[in-house]
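Below: the structure, in C-alpha cells.
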Amino acid sequence: MKIRVWSLAAVAAVSLLAALPSNAASKALLIGVGKYDLPNNDLPGIDLDIENMKHVSKIMGFAPGDIKVLFDEQATYVGVKTALATWLREGVGPDDRVLIYFSGHGTRVHDPRPTSASGVDDALVMHDVKTAKVNGHGTLVNVLLGYEFGEALAAIPSKHILVLVDACHSGTATRTLALGNHRLGEGTGAIKFLNYPDAPTGKTRGIRAHAGTENYAAVSAARDDEYAIATEHGGLFTLAVLDSIDEASRGAKRPTVADLRASTTAYIEKHTDEQSRHHPVADGNKALIDAEINLVPLRNGNGPTWAALDALAKKGEPLTIKAGASELRIGDEITLTAVVPRAGFLNVVAIDSQDRATVLYPNEFSPASDVAAGTFEFPSASMGFVLRATEPAGPTLVVAFLSDKKVNLLEMGIEGRDTAGKMEQTFTEVSALATRAISVEARHHGFASGSVTINVKPASGK
C-alpha cells in the first residue's frame, strides 16, 4: 500500500514602515464592489477579496475597530468619497499608517477637466455607476476619477499610505475567459474592466511616481494595457497579496513594497497562462516603495485564521474530537477520532502555531466528506496516508465541523492543484471560500463542531 505523509505544520503581522505606539490612529479602508447598478457587469469573488484583505489588515497590525469596509451597496460614489474625506482623516497624524484597498471594476473615461493634457483619466467604478453624456461624450458617472483619488490621498495627514488596487484600466480584451486549466481549478474568470460605448482608449495612470513628495506607495493589479482577473476564489491580485505577505512572514523577511510587487507578479505568473497573465505595477513615492515592511511574527495561536476557526468551532452543537496524544514530538504519527452524532458531512482542519490552516479530511485518498453516525477514526489502515507532526513546533488546533448540507473543503482549496486544475496533493490549505462555506453552515440548524489542541514539541535531542 502506498503511504503518504501529511505534516502537522505561517503568517505574521505586517506594519508598513515602523511599529507605532498604541495610541496611533492607523486606519484601513477596504472597498469591494461585486454588484453594479449597470446590468451584466457583476463580478465574482469580491466578497472573498474583502475577507482576504480583512485577514491581511489584521496581520498588518490594524485592530478591528480601525478597519472600515464598504461593500457593494455601501460602496457608492458618495459613500467612498465621504469615507476618504472624513473617516480616513479623523485623528490620523503624519506618522500613522493608512491602508486603502479597492477591488472591483476599473475603467477609462473622458477627463472632464479642460486642462487635462490627454483628455482621458482612469476611474474606479462604484456600485451606483450610470451611463451619461458629458460634453458630448458617452461616459460613466459615479466613478472615482484618478485625479479625485489622488487629491483625496494628498489630503490625508498620514505620510505612510499603502494603496492596493485590484482593478484594471484595459478594455482591449473580452470580458470572460476560461480558467479550467489553471491552478485555481475549474471555472471562469471575469475581466475587471467596465467597458461602455464611447469609452476612450490610450495609456493612462491616475497615480504615479513624480518628485518623491507623495505620501503613498501604491501597487495596482495590472499595467495600462493589461486586464486584471476576478475568479470565484477572489481576484488573482488579491490572492497574490495574501500569499506574498504570508510567505514573507513565514520566512521572517522584511519585504519592501517593491518586493510585494515582484512577489505578486510571480504568483500571478504561476497561476495563469500567457493569455490571462497581468503584471502588478508600483507607483507613488519612491522612498516608500523602497522602504521595508516590518513583520511582527504571529506565534502560538495568535493569528486571524486560528481565531476565526476557533470561534466557528464554538458555534455548533458539541462534537467530540480526540487526538491519540496531547503532546507530540516532531516526527511522531497521530490518529484522530471524531464522535459523529448523526450522518452528515465532516470536515477536519488543523491550524498550526504559525496560523497556517490545512484541511485534513476530506483529502486526496478520502475525497468524499459524507460520514455515517458513530466513531470515525482517521487515518485508518485503508486510507493510505499518515498524519505526522513536523515544524513548526507549538500548539496546533484541530477543529471538526459536521453539517447536514454538503460541504467539502478539499474541493474549495486553491493550492495543491496541477496545471489541469486537479488536486495533486493529499491536503490543501483552507481558503476564504472554504471559511465562508463553514460560516454559512454554522448559521443553520444541524451544525456540530468541536476542537482539540495538540502541542507539537521539537524532536528529541533538539
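Within segment 37-60, track down each residue that is part of a helix (DSSP H, G or I) and out of contact with any helix residue (DSSP H, G or I) (no Cβ under 7 Å at 6 or more places or on another chain).
First, the residues of segment 37-60 that are part of a helix (DSSP H, G or I): 46-59.
ILE46, ASP47, ILE50, LYS54, SER57 - these are the residues of segment 37-60 that are part of a helix (DSSP H, G or I) and out of contact with any helix residue (DSSP H, G or I) (no Cβ under 7 Å at 6 or more places or on another chain).
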Original post:
Inside segment 392-409, can you point out the residues that are modelled with pLDDT under 90 and under 13 Å from ALA357 (Cα atoms)?
Top reply: PRO392
Original post:
Can you tell me which residue in segment 95-104 is surrounded by the most Cβ atoms within 10 Å (Cβ to Cβ), limited to those that are modelled with pLDDT of 95 or more and not aliphatic (A, V, I, L, M)?
Top reply: SER103
Subject >> In segment 306-321, the residues that are assigned to a strand (DSSP E or B) and either touching a helix residue (DSSP H, G or I) at 6+ places or on another chain (Cβ under 6 Å) or surrounded by fewer than 17 Cβ atoms within 10 Å (Cβ to Cβ) (or both) >> reply: GLU317, PRO318, THR320
Subject >> Positions within segment 61-98 being assigned to a helix (DSSP H, G or I) and over 17 Å from ILE161 (Cβ atoms), in sequence order >> reply: PRO64, GLY65, ASP72, GLU73, GLN74, TYR77, VAL78, GLY79, THR82
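Output the number of residues of segment 121-136 satisfying the condition of being of a type outside the set (Val, Ile, Thr) and surrounded by 15 or more Cβ atoms within 10 Å (Cβ to Cβ).
Here is the first cut: in segment 121-136, the residues of a type outside the set (Val, Ile, Thr) are 121-124, 126-128, 130, 132-133, 135-136.
From what's left, surrounded by 15 or more Cβ atoms within 10 Å (Cβ to Cβ): 121-124, 126-128.
The qualifying residues number 7.
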**OP:** Could you please find all residues in segment 210-234 being at pLDDT below 90 and on the phi > 0 side of the Ramachandran plot?
**Re:** GLY212
Subject >> Boolean, LYS68 is over 27 Å from PRO280 (Cβ atoms) and in contact with a strand residue (DSSP E or B) (Cβ under 8 Å, 6 or more places away or on another chain) >> reply: no
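Is it the case that SER249 is at pLDDT 75 or above and under 25 Å from LEU153 (Cα atoms)? Write out each step before concluding.
Details: at pLDDT 75 or above: yes; under 25 Å from LEU153 (Cα atoms): no.
Taking the combined requirement at face value, the residue does not satisfy it.
Among the residues of segment 288-301, write down those that are at pLDDT 90 or above and either surrounded by 14 or more Cβ atoms within 10 Å (Cβ to Cβ) or not assigned by TED's automatic domain parsing to the domain that holds LYS159 (or both).
Here is the first cut: in segment 288-301, the ones at pLDDT 90 or above are 288-291.
Within segment 288-301, LEU288, ILE289, ALA291 meet the criteria.
The values are calculated or read from the model by the stated rules, or taken from the named source; none is laboratory data. Computed from a predicted structure; not experimentally measured. As a convention, Cβ positions derive from the backbone with ideal geometry for all residues, glycine included, and neighbour counts pool all protein chains shown.
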